[in-house]
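Novice: Let me give you the structure first, and then I'll get to my questions.
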Amino acid sequence: MKKARSKSNTSGIHAWLILWKTARAVETYAHRCIQSLELGVSDFGVLEALLNKGDLPINALGSKVLLTSSSMTAAVDRLESQGLVERRNDPDDRRTRVVSLTTKGQKLIERAFKQHSQDMEQIMSPLNEQERTTLIGLLHKLGHHAETII
C-alpha cells in the first residue's frame, strides 16, 4: 500500500532533490545553448569571465570559472591557438601571467554573451521579477550556509 503524500513536503531531502533536478535541467539547457554558439562550455566561461572582469591572472581566472589548473591551462592554450585570448606578463609581477581577450575574442564573446543572456531570460521566463529576487536571495542564503559547513 502506498504511503499518502502530504500536501507540502518541506523536508531537507525533498528540497535537495528539487534543487538538484532543477539545477541539472537549467544547466543542460544552458550548455545546449552555449554549444549552439559553437563554443565549449569551458571556453565560453573563460571568455565570459574576461569580458565581465577584464584581464585576469590565470589562477584567478581558473577559480572564477571553476576549472582545475590543468583544465584552465588547456582552455587558455586552445583559446590562444584560435586567436581569442593572449597571455602576457603582469607588469607588476613578472612571475604572474595575465590572460586578456584579443579583438577577435572580444567580438566573439560579446555576440555569444548577448545570445546567452537571451537564452537565460527564456529559461527564467516563468518567474516574475519578485520571484527571481526571492529565488536569488534564498539561493545565496543556502549557498553561504553550505559553504560554512563544508
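Novice: Taking 7 Å along the Cα-to-C-beta vector as the label spot, tell me the Arg97-Asn9 distance in nanometres, rounded to one decimal.
Specialist: In this crude spin-label approximation the distance works out to 4.9 nm.
Novice: Can I ask one more? If you take percent of Cα pairs over 18 Å apart from the coordinates, which of (1) 50; (2) 60; (3) 68 do you get?
Specialist: (3)
Novice: List, in the order given, every pair from Lys64/Lys141; Lys21/Lys107; Lys53/Lys104 whose Cα-Cα distance in the structure shown is over 24 Å.
Specialist: Numbers: Lys64/Lys141 20 Å; Lys21/Lys107 34 Å; Lys53/Lys104 17 Å.
Pairs exceeding the cut-off: Lys21/Lys107.
Novice: Once the Cβ-Cβ distance between Ala74 and Glu131 is put in as r, and R0 is 30 Å, what FRET efficiency do you end up with, to the nearest 0.05? List each step's numbers first, then the result.
Specialist: Values: r = 39 Å, r/R0 = 1.29.
Taking R0 as 30 Å, the efficiency between Ala74 and Glu131 is 0.20.
Novice: What do you get for the angle between helix 103-124 and the principal long axis of the chain? Use alpha-carbon atoms, 0 to 90 degrees, nearest ten.
Specialist: 10
Novice: Let me ask something else. Give, rounded to the nearest 20 debye, the magnitude of the charge dipole that the chain has about its Cα centre when Lys and Arg contribute +1 at Cβ and Asp and Glu contribute -1 at Cβ. Please list the in-between numbers first.
Specialist: Numbers: 21 positive and 17 negative charges, 145 e Å.
The dipole of the chain has a size of about 700 debye.
Novice: Mind checking the angle between helix 12-36 and the chain's longest principal axis? C-alpha axes, 0 to 90 degrees, to the nearest 10.
Specialist: The helix 12-36 is inclined about 40 degrees to the chain.
Only the coordinates and a few stated rules stand behind these numbers; no lab work does. Nothing here was measured: the structure is a model prediction, and the numbers come from that model. As a convention, Cβ positions derive from the backbone with ideal geometry for all residues, glycine included, and neighbour counts pool all protein chains shown.
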